Amino acid sequence: MGLNDEVGRRLKALRQGRDLSLSELSRRSGVGKGTLSELESGARNPTLETLYALTTALGVPLSAVLDDPPPGVAEGAGGVSGSAVTAVLLERYEDADAATDVFRVTIADGATQESAAHVPRTTESLMVLSGTAVVGLPDAPQTVTPGGHAHWPADAPHLYGAPHGEVHGILFVRYPKGGG
(Lines give C-alpha, C1' and ligand atoms only; values in the text may rest on other atoms or scores of the structure.)
Protein backbone atom coordinates (compact mmCIF):
# COMPACT_ATOMS: atom_id res chain seq x y z
CA MET A 1 0.00 0.00 0.00
CA GLY A 2 1.43 3.40 -1.04
CA LEU A 3 1.47 6.66 0.90
CA ASN A 4 -1.60 8.01 -0.91
CA ASP A 5 -3.61 4.84 -0.21
CA GLU A 6 -2.59 4.67 3.45
CA VAL A 7 -3.27 8.36 4.09
CA GLY A 8 -6.63 8.05 2.33
CA ARG A 9 -7.63 4.98 4.32
CA ARG A 10 -6.73 6.66 7.61
CA LEU A 11 -8.48 9.95 6.72
CA LYS A 12 -11.66 8.12 5.80
CA ALA A 13 -11.60 6.03 8.99
CA LEU A 14 -11.08 9.14 11.15
CA ARG A 15 -13.87 11.02 9.35
CA GLN A 16 -16.30 8.12 9.60
CA GLY A 17 -15.31 7.48 13.23
CA ARG A 18 -16.47 11.01 14.02
CA ASP A 19 -19.65 10.49 11.99
CA LEU A 20 -18.76 13.34 9.61
CA SER A 21 -19.83 13.53 5.99
CA LEU A 22 -17.39 14.52 3.26
CA SER A 23 -19.25 17.84 3.05
CA GLU A 24 -18.94 18.53 6.78
CA LEU A 25 -15.21 17.75 6.93
CA SER A 26 -14.75 19.85 3.81
CA ARG A 27 -16.54 22.77 5.49
CA ARG A 28 -14.57 22.44 8.75
CA SER A 29 -11.17 22.11 7.06
CA GLY A 30 -11.57 24.42 4.09
CA VAL A 31 -10.47 21.56 1.81
CA GLY A 32 -12.69 21.05 -1.23
CA LYS A 33 -15.07 18.09 -1.15
CA GLY A 34 -13.68 16.77 -4.46
CA THR A 35 -10.11 17.01 -3.15
CA LEU A 36 -11.12 15.22 0.04
CA SER A 37 -12.83 12.46 -1.92
CA GLU A 38 -9.75 12.00 -4.12
CA LEU A 39 -7.50 11.90 -1.04
CA GLU A 40 -9.65 9.28 0.65
CA SER A 41 -9.62 7.10 -2.47
CA GLY A 42 -5.81 7.38 -2.77
CA ALA A 43 -6.13 9.09 -6.16
CA ARG A 44 -4.58 12.38 -5.04
CA ASN A 45 -1.15 13.21 -3.63
CA PRO A 46 -1.58 14.88 -0.21
CA THR A 47 0.30 18.09 0.58
CA LEU A 48 1.51 19.01 4.04
CA GLU A 49 -0.83 22.02 4.17
CA THR A 50 -3.87 19.95 3.17
CA LEU A 51 -3.10 17.21 5.68
CA TYR A 52 -2.66 19.75 8.49
CA ALA A 53 -5.99 21.41 7.58
CA LEU A 54 -7.75 18.04 7.70
CA THR A 55 -6.10 16.70 10.86
CA THR A 56 -6.71 20.01 12.64
CA ALA A 57 -10.40 19.86 11.67
CA LEU A 58 -10.49 16.27 12.94
CA GLY A 59 -8.68 17.26 16.17
CA VAL A 60 -5.85 14.75 15.71
CA PRO A 61 -2.06 14.95 15.26
CA LEU A 62 -0.64 14.81 11.75
CA SER A 63 0.86 11.40 12.55
CA ALA A 64 -2.67 9.99 12.84
CA VAL A 65 -2.79 9.89 9.02
CA LEU A 66 0.87 9.14 8.30
CA ASP A 67 2.38 5.69 8.35
CA ASP A 68 5.30 5.15 10.70
CA PRO A 69 8.50 4.64 8.70
CA PRO A 70 9.61 1.01 8.62
CA PRO A 71 12.93 0.23 10.32
CA GLY A 72 15.90 0.93 8.08
CA VAL A 73 13.97 3.28 5.78
CA ALA A 74 16.26 5.68 3.93
CA GLU A 75 16.33 9.22 5.24
CA GLY A 76 13.93 11.38 3.27
CA ALA A 77 11.77 8.46 2.15
CA GLY A 78 8.05 8.57 2.78
CA GLY A 79 7.90 12.27 3.50
CA VAL A 80 5.07 14.66 2.81
CA SER A 81 5.80 18.04 1.25
CA GLY A 82 4.30 21.48 1.42
CA SER A 83 5.14 24.63 -0.49
CA ALA A 84 8.52 24.93 1.28
CA VAL A 85 8.77 22.14 3.87
CA THR A 86 9.24 18.40 3.48
CA ALA A 87 8.58 16.41 6.66
CA VAL A 88 9.39 12.77 7.38
CA LEU A 89 7.78 11.27 10.48
CA LEU A 90 10.51 9.78 12.66
CA GLU A 91 8.65 9.05 15.88
CA ARG A 92 5.35 9.46 17.65
CA TYR A 93 5.32 9.58 21.43
CA GLU A 94 2.17 9.61 23.50
CA ASP A 95 1.69 10.01 27.24
CA ALA A 96 -1.25 10.96 29.46
CA ASP A 97 -0.92 14.68 28.65
CA ALA A 98 -0.03 14.92 24.97
CA ALA A 99 0.98 13.30 21.71
CA THR A 100 4.28 14.43 20.22
CA ASP A 101 5.23 13.95 16.58
CA VAL A 102 8.94 14.10 15.71
CA PHE A 103 9.83 14.94 12.11
CA ARG A 104 13.01 15.30 10.09
CA VAL A 105 12.33 18.47 8.10
CA THR A 106 13.90 20.17 5.13
CA ILE A 107 13.04 23.77 4.29
CA ALA A 108 13.77 24.57 0.64
CA ASP A 109 16.35 27.23 -0.23
CA GLY A 110 14.78 30.67 -0.47
CA ALA A 111 11.30 29.41 0.32
CA THR A 112 8.78 30.46 2.96
CA GLN A 113 5.76 28.45 4.05
CA GLU A 114 2.92 29.74 6.19
CA SER A 115 1.23 27.10 8.30
CA ALA A 116 -2.34 27.50 9.55
CA ALA A 117 -3.13 27.26 13.25
CA HIS A 118 -3.31 23.75 14.71
CA VAL A 119 -5.57 22.58 17.54
CA PRO A 120 -5.57 24.73 20.71
CA ARG A 121 -2.44 24.60 22.90
CA THR A 122 -0.32 22.88 20.22
CA THR A 123 3.35 23.93 20.31
CA GLU A 124 6.27 23.41 17.94
CA SER A 125 10.00 23.30 18.53
CA LEU A 126 12.67 23.18 15.83
CA MET A 127 16.30 22.19 16.32
CA VAL A 128 18.36 23.26 13.31
CA LEU A 129 20.99 20.80 12.05
CA SER A 130 22.23 22.85 9.08
CA GLY A 131 21.37 26.15 7.44
CA THR A 132 19.62 29.17 8.90
CA ALA A 133 15.88 28.98 9.51
CA VAL A 134 13.38 31.74 10.13
CA VAL A 135 10.45 30.24 12.02
CA GLY A 136 7.63 30.98 14.42
CA LEU A 137 4.93 33.61 14.56
CA PRO A 138 4.83 35.99 11.58
CA ASP A 139 4.93 39.09 13.82
CA ALA A 140 7.84 37.73 15.90
CA PRO A 141 9.91 35.37 13.72
CA GLN A 142 12.97 33.68 15.21
CA THR A 143 16.23 33.15 13.34
CA VAL A 144 17.87 29.84 14.20
CA THR A 145 21.35 28.68 13.16
CA PRO A 146 22.92 25.19 13.34
CA GLY A 147 22.80 23.77 16.86
CA GLY A 148 20.15 26.28 17.91
CA HIS A 149 16.47 25.83 18.53
CA ALA A 150 13.22 27.78 18.60
CA HIS A 151 9.87 27.17 20.26
CA TRP A 152 6.51 28.77 19.42
CA PRO A 153 2.77 28.33 19.87
CA ALA A 154 1.39 26.45 16.86
CA ASP A 155 -2.26 27.17 17.63
CA ALA A 156 -1.78 30.41 15.69
CA PRO A 157 -0.59 30.85 12.09
CA HIS A 158 3.19 30.37 11.90
CA LEU A 159 5.92 30.23 9.30
CA TYR A 160 9.02 28.38 8.14
CA GLY A 161 11.64 30.00 5.94
CA ALA A 162 15.13 29.35 4.59
CA PRO A 163 16.36 32.70 3.28
CA HIS A 164 20.02 31.72 2.83
CA GLY A 165 20.04 28.10 1.66
CA GLU A 166 18.38 24.79 2.42
CA VAL A 167 17.70 24.05 6.11
CA HIS A 168 17.68 20.64 7.79
CA GLY A 169 16.26 20.15 11.25
CA ILE A 170 14.25 18.13 13.72
CA LEU A 171 10.72 19.38 14.41
CA PHE A 172 8.73 18.45 17.50
CA VAL A 173 4.97 19.07 17.36
CA ARG A 174 3.22 18.62 20.72
CA TYR A 175 -0.57 18.21 20.71
CA PRO A 176 -2.21 18.36 24.15
CA LYS A 177 -4.89 15.82 24.95
CA GLY A 178 -8.38 16.84 25.90
CA GLY A 179 -8.85 19.56 23.28
CA GLY A 180 -8.69 23.26 24.05
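The values are calculated or read from the model by the stated rules, or taken from the named source; none is laboratory data. It should be emphasised that the depicted structure is a prediction, and the values quoted were computed from it without experimental measurement. Glycine also receives a Cβ, built like all others from the backbone with ideal geometry; neighbour counts cover every protein chain displayed. Areas reflect the complete protein model, heavy atoms only, side chains present, ligands, DNA and RNA absent. Shrake-Rupley method; radii C 1.70, N 1.55, O 1.52, S 1.80 Å.
Remark: pairs (first residue in the range 150-177, over 16 Å from A87 (Cα atoms) and in contact (Cβ under 8 Å) with a residue 60 or more places away in the chain; second residue open to solvent by 10 Å² or more (accessible area, probe 1.4 Å) and acidic (D, E); Cβ separation under 9 Å; 6+ apart in sequence or on different chains) = P176/D97; K177/E94; K177/D95; K177/D97.
Residue by residue, here is whether (1) open to solvent by 20 Å² or more (accessible area, probe 1.4 Å); (2) at pLDDT 90 or above; (3) out of contact with any Leu (no Cβ under 8 Å at 6 or more places or on another chain); (4) of a type in the set (S, T, Y) holds:
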{"residue": "R9", "(1), (2), (3), (4)": "yes, yes, yes, no"}
{"residue": "E24", "(1), (2), (3), (4)": "yes, yes, yes, no"}
{"residue": "R27", "(1), (2), (3), (4)": "yes, yes, yes, no"}
{"residue": "G32", "(1), (2), (3), (4)": "yes, yes, yes, no"}
{"residue": "S41", "(1), (2), (3), (4)": "yes, yes, yes, yes"}
{"residue": "R44", "(1), (2), (3), (4)": "yes, no, yes, no"}
{"residue": "T47", "(1), (2), (3), (4)": "yes, no, yes, yes"}
{"residue": "L58", "(1), (2), (3), (4)": "no, yes, no, no"}
